[in-house]
Amino acid sequence: MTNSEPQSVPTTLPRTAVPGGITDPVASARAELKAALAAIEIKGNFPRRIEKASERGILRARTFARRNPVGAAAAVAGVAAAIGGLVWVIARAVSR
């Protein structure tokens, strides 16, 4: 009852990949067009890319804060001081 054939694990291709083994030229062209449009959508969707990047940044900041709370507090104080200084410089320049 042993199966001599290797078990193949089904894999899913990314939306931007063209599946292999397509012999029909029309089907191949459709698959290439579909993959190209998916790649354009992924590259051109800036709000989604910004959202994913901000989620990664938040995750990194939380991990850093858990591992090094004193360093995280110092980083927050430094950023607040930098923003405060920038606002002060801008306010001073506008008032003159």
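Computed values, structure above
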read-out	value
Directionally averaged projected area (convex hull, Cα atoms, the chain), nm²	14.2
Percent carbon-and-sulfur accessible area, the chain, ignoring ligands, DNA and RNA, probe 1.4 Å	64
Net length gained if the chain between VAL70 and ARG30 were fully extended (0.36 nm per residue, minus Cα distance)	8.9 nm
CD proxy at 222 nm, helix term only [per DSSP H run n ≥ 4: -39500 (n - 2.57); per residue of the chain; nearest 500]	-25000 deg cm²/dmol
Gain in span if fully extended, LEU37 to ILE83, counting 0.36 nm per residue against the direct Cα distance	12.4 nm
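The values are calculated or read from the model by the stated rules, or taken from the named source; none is laboratory data. Just so it is clear, the model here is predicted, and its values are computed rather than measured. Keep in mind that these areas ignore ligands, DNA and RNA; they rest on the heavy atoms of the full protein, side chains included. Shrake-Rupley method; radii C 1.70, N 1.55, O 1.52, S 1.80 Å.
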